[in-house]
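What follows is a single structure, written as structure tokens, with notes after it.
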């Protein structure tokens, strides 16, 4: 008999970034697979999860969960109570941390370990918190889910985590949302961006140091500066400017155009990604690299790095660069000068993207839940 699973969706951000797309895609696919499912979420998400998972029991937490400190306190005391109320066999927490006394087997998703390998990319407070959460999960969770073999290998290497309790479950992609856009979709997004059909390079993601945005800005400026109709750079996504990014922006020649539209509507993403000459995602490290997969599904050539999990996603269907600005400049210019290679990569990326689905990801998660229920960790039943 399949275990009843409680998924904690209370930390999904309102902007539905990559974490939100993971949790939403997984919950919908688990429901479609007839999983015995309960979901606890913020009150603002109750209708959403009721629609995504009509067979699941959806429970809302207190209003205070919108504040991070309150949510973390609730995770320790409130989440085990909800698990008891819904009679869950397994708790799944899809973002690093877990209750110290969950009362039942707990599965934790660890997306990446860059907090250990590249702590300079984060604030000291953030780094300390996530290091502690990951260590606790590695020691106390019944099982760990990771989105790539690279993350699994890093967990073993950095923390000495037990490989027999780690399950790899690749993310999927919503092929109804992320698809090759029509000309009207592309034109609509282009107009909203103020480009009106002008060419551009696209980036999608949080503007944080790990995404390597400053090097992308500098590399783009160097790659396009002498082109007659230079493509703009559009940085889609949230996050504040860092000093490094400010300096890169200040050095951009005045005849080049850099656009930062902030968060884009989901319905605009196919037109935004699919309308670009190239989607550039030169990240310093990823647990998976969902924007790369989503861009591939939109039929656009992708430039990314060899770092961590990204080759598992892109395979031979994307172009690669080292993460420094000069390498990005050279690789990006080579793509801009070679339309036939861009077309080949676009087709190859689209074909490869069809191999990834949330249904397959849900299958891997269900297998992990069954293992957790059958072989709970020693600490999982503590009350």
Report summary line: Across all Cα atoms of segment 157-282, Rg and the largest Cα-Cα distance (Dmax), in Å, are 17.3, 56
Report task. List 41, 298 from most exposed to least, where exposure is judged by having the fewest other Cβ atoms within 10 Å. Result -> 41, 298
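Using the Cα gyration tensor of segment 262-322, with a ≥ b ≥ c the square roots of its eigenvalues, what is the shape: rounded (a/c below 1.5), prolate (a/b larger than b/c) or oblate (neither)? Numbers along the way, then the final one.
Details: a/c = 2.02, a/b = 1.62, b/c = 1.25.
Since a/c reaches 1.5 and a/b is larger than b/c, the shape of segment 262-322 is classed as prolate.
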Report summary line: Final fewest-first order of 74, 358 on the 10 Å Cβ neighbour count is 74, 358
Query raised in the report: Given (i) 1.08; (ii) 1.02; (iii) 0.98, which label gives Rg/Rh (Cα atoms, Kirkwood Rh) as computed from the coordinates?
Result: (iii)
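Going by average Cβ neighbours within 10 Å, how do the peptides 266-273, 20-27, 283-290, 31-38 rank, with the highest at the top? All intermediate terms of the calculation are to be shown ahead of the outcome.
On the way: 266-273: 21.0, 20-27: 22.9, 283-290: 24.4, 31-38: 18.1.
Output ranking for 266-273, 20-27, 283-290, 31-38: 283-290, 20-27, 266-273, 31-38.
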Report summary line: Helix 339-353: inclination vs the chain longest Cα principal axis, degrees, rounded to 10, gives 10 degrees
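Pulled fully out, how much extra length does the chain show between residue 184 and residue 364, if you take 0.36 nm times their separation in residues and subtract their Cα-Cα distance? Don't jump to the answer; show the numbers that get you there.
On the way: separation 180, 0.36 × 180 = 64.80 nm, distance 3.74 nm.
Taking 0.36 nm per residue and subtracting the Cα distance, the gain is 61.1 nm.
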Query raised in the report: Where does each of 219-232, 156-169 land if you order them by average Cβ count within 10 Å, highest first?
Result: 219-232, 156-169
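Once you keep just the Cα pairs under 8 angstrom separated by 6 or more residues, what percentage relative contact order results for the chain?
Relative contact order for the chain comes out at 19 percent.
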Query - Overall form of segment 301-383 per C-alpha gyration tensor (a/c, 1.5; a/b vs b/c) - result: oblate
Query raised in the report: What number, in percent, do you get for the relative contact order of segment 128-263 if the mean sequence gap of Cα pairs under 8 Å and at least 6 apart is divided by its residue count?
Result: 19 percent
Requested in this report: Order by neighbour count: 90, 125, 186, 302, fewest other Cβ atoms within 10 Å first, most last.
Outcome: 125, 186, 90, 302
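Among bridges DSSP assigns within segment 183-353, what percent are antiparallel (round to 5)?
Working: 0 of 16 bridges.
The answer is about 0 percent antiparallel.
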Query raised in the report: With the radius of gyration and the Kirkwood radius both derived from the Cα set of segment 183-353, what is their ratio Rg to Rh?
Result: 0.92
Requested in this report: Compute the relative contact order of segment 183-353 as a whole-number percentage, counting only Cα pairs closer than 8 Å that sit 6 or more residues apart in sequence.
Outcome: 25 percent
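Values in this text are rule-based calculations from the coordinates and carry no lab data. Computed from a prediction, not measured in an experiment: that's the story for all the values here. Here Cβ is always computed from backbone atoms with ideal geometry, including for glycine, and neighbour counts include all displayed protein chains.
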